[in-house]
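Right, one structure below, let's go through it.
The values are calculated or read from the model by the stated rules, or taken from the named source; none is laboratory data. Quick caveat: nothing in here was measured; it's all calculated off a predicted structure. Don't worry about glycine lacking a Cβ; one is built from the backbone with ideal geometry, like all the others, and counts go over all protein chains shown.
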Amino acid sequence: MAKNEIKAVASSDDAEIAWKYNSKIKDCWGFAILRQKKGESTAASDWVKSSVGFNDDPHKDFEYHDTTMWPIQKFNWTDFLVNEGDTVRYKVIPMTRNNGSLEKDEAKATDWSNWVDVGASAATEGFFNRGAVASQFVSRRLANLPAKEKQKSLDEHLDDENSPLRKFMGGTLLDAVYSILEEPKKNGNSNVHLFTALYELNDIVLIKKLNALGKRAHVILGNGAFKKPSKKDPGEPDPQKVNAKKLTKVDLKRRIVKGNHFAHNKFVVLAKKAGNEFRPYKVLTGSTNWTHNGLFKQANNAVIIEDASVAKYYLDEWHKLVEDCDKKGNGLYAKPFKAFNATVKKNTNGKVRTWFDPTSKEGDLEDAIKLIKGAKQGILFLMFQPGNMETARLYKEIFKRTKEPNAPFISGVINIDPGGKKTPSITFVNKGKEEYGDMSIVTPSNIKKDFGFWKVELARPTVTIHSKAIVIDPFGSKPVVITGSNNMGEKASQSNDDNLNIILDNKELAQSYAVHMQSVYHHYRWRFYRSKVTDKNGNEIDNKPKWKGLVRNAEWQGWYNSGLNKKEKDFWFGK
């Protein structure tokens, strides 16, 4: 019997299964995956489902079958169909061709994997949304809505706090924001205040929750990137001003920055008031704007850090932002503000390093680059670049490492804001190469056809990968997570109100981010396989799907025995 290994890891929303065999399995056309939930017998286990069929099988988009019928022709797989709160384990069974049919080779099955908890449960937690990223699942949920609900616009669904679609698309990220906003309302927390700095805000549910806190909610609201009144439409109201006026009960402060600046933070601090003193104890930060786009239509992340020293630095920065405004709320970028941001802020054990921007000499990026250069096993990333790729310093440093003779495993997606120009919207880093996709991979055609409001609201070029996150060596001895509001480029470091957090030696957080990043990568990668291919300038070079499905032979196993495919397989086992 070929020796085998299996392991499972989880995020707050998905599970990743990885396995390996020391030798090829004769006549193996792929693997079936069995999932067992804790508390259920092995006899009640379910087959994990796949949407990838054989290349000569006619099948509909978003059709699913058990992996006994459509087996997995690789050595890792993301299970999207687990739920937060599940505890699960997996077994992998080779599917071999015998007398014209696929049969389970139980003798060569792996043992059961380790149990994994799907969810976040540590002092430092990572949270992710689903949004358009999970559009095949959203499509299935839409199909099951009552006819009356289908007639609503997407925004009408998202404005309803009780909407199942809102809850599904917001995922655990929405849960995290709710938990922060609702904590001051819990029994015994009448002394808890909330301090937040937001770039954009238009979600009416979150506005109501802020207003419910009254003057215990201290809000800095930036001027955002919403469309402003123009000479052509002078009567069009400024959306950010309109949303600011809805914050009728909070302690509201505007931060209006001009020129080449953005008030780009998205953080919240909770602090207990004792006399005239505030004692901060928890912070939420990440990439998510409090808008329909940020919460529901883009891939975004958030992290909650329950650490008094980190929370204090964020509260200090909140006050510095207020001090750095004139009476009208105009940002000044004065010397005291820049001086506070000039040095890294470390928590008591040095495991969380926080940079606030703008900072001097790109100190935040230089700090991150040292860790990127030191990666030994692998680097995963999700990024949004709102301008010239030449200014995307961290992305360039990561891609540079793919050219090394013995490069670590590197995989990720960077979304470039099209801005009305003909440029590739999504760039994949895959096996040492950049590959470019256009907007056709963002929204499935059947969603746009069957649900009119999706066609209007999602068909146009838009930002879909808005996360700013890097994971280094998540299965090694020194894992690193880098995340925040910073777009990981020169402009964010030198010109914006932003933050960048470097979190060291938190294995659970790093592995959670790794699972999430792979799920997003593979989602778009599957779309890319079946969509238009463009060159670096956005010109279509091949209108045929690059990959048509599973092959009907056992030769695919050879793809994973050497080179970068083997490196990916080894990555999940910390090698």
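Among what's in the stretch 1-60 and is of a type in the set (Phe, Trp, Tyr) and over 21 Å from VAL118 (Cα atoms), pick the residue that is surrounded by the most Cβ atoms within 10 Å (Cβ to Cβ).
Residue satisfying both the conditions and the ranking: PHE31.
Answer yes or no: is there a residue in the stretch 493-501 that is in contact with a Ser or Thr (Cβ under 8 Å, 6 or more places away or on another chain), outside any helix (DSSP H, G or I), closer than 20 Å to SER121 by Cα and at pLDDT 95 or above.
Yes: one or more hits.
Cβ-Cβ under 6 Å, sequence separation 6+ or interchain: first residue in the stretch 160-174 and in a helix (DSSP H, G or I), partner among the acidic types (Asp, Glu) and crowded, with 23+ Cβ neighbours inside 10 Å. Which pairs?
Between residues of the stretch 160-174 that are in a helix (DSSP H, G or I) and residues that are among the acidic types (Asp, Glu) and crowded, with 23+ Cβ neighbours inside 10 Å, the close pairs are GLY171/ASP13; THR172/ASP13.
Just give me the residues in the stretch 363-407 being touching an Asp or Glu at 6+ places or on another chain (Cβ under 8 Å), outside any helix (DSSP H, G or I) and either surrounded by fewer than 16 Cβ atoms within 10 Å (Cβ to Cβ) or without any contact (Cβ under 8 Å) to a residue 60 or more places away in the chain (or both), in sequence order.
LYS376, GLY387
What about LEU198, is it within 25 Å of the chain's Cα centre (by Cα), buried (at least 23 other Cβ atoms within 10 Å of the Cβ) and under 18 Å from PHE296 (Cβ atoms)?
Yes; evaluated as a whole, the condition is true for this residue.
Quick check on the stretch 61-70: of everything there that is under 27 Å from the mean Cα position of the chain (by Cα) and in a loop (DSSP other than H, G, I, E, B), which residue is surrounded by the most Cβ atoms within 10 Å (Cβ to Cβ)?
Only one residue fits best here, namely THR67.
From the list GLU156, GLU183, which residue is part of a helix (DSSP H, G or I), touching a residue at least 12 places away in the same chain (Cβ under 8 Å) and surrounded by fewer than 16 Cβ atoms within 10 Å (Cβ to Cβ)?
Unique residue meeting the criteria: GLU183.
If I filter the stretch 310-358 down to residues being small (Gly, Ala, Ser) and more than 25 Å from the chain's Cα centre (by Cα), which single residue comes out as surrounded by the most Cβ atoms within 10 Å (Cβ to Cβ)?
Per the criteria, the residue is GLY331.
More than 17 Å from GLY286 (Cα to Cα) and out of contact with any strand residue (DSSP E or B) (no Cβ under 6 Å at 6 or more places or on another chain): is that true of ASN187 in this structure?
yes
Out of VAL269, VAL192, which single residue is crowded, with 22+ Cβ neighbours inside 10 Å and touching a Pro at 6+ places or on another chain (Cβ under 6 Å)?
Checking each option against the conditions leaves just VAL269.
Restricting to the stretch 75-108, count the residues that are at positive phi and within 24 Å of the chain's Cα centre (by Cα).
So the count comes out to 1.
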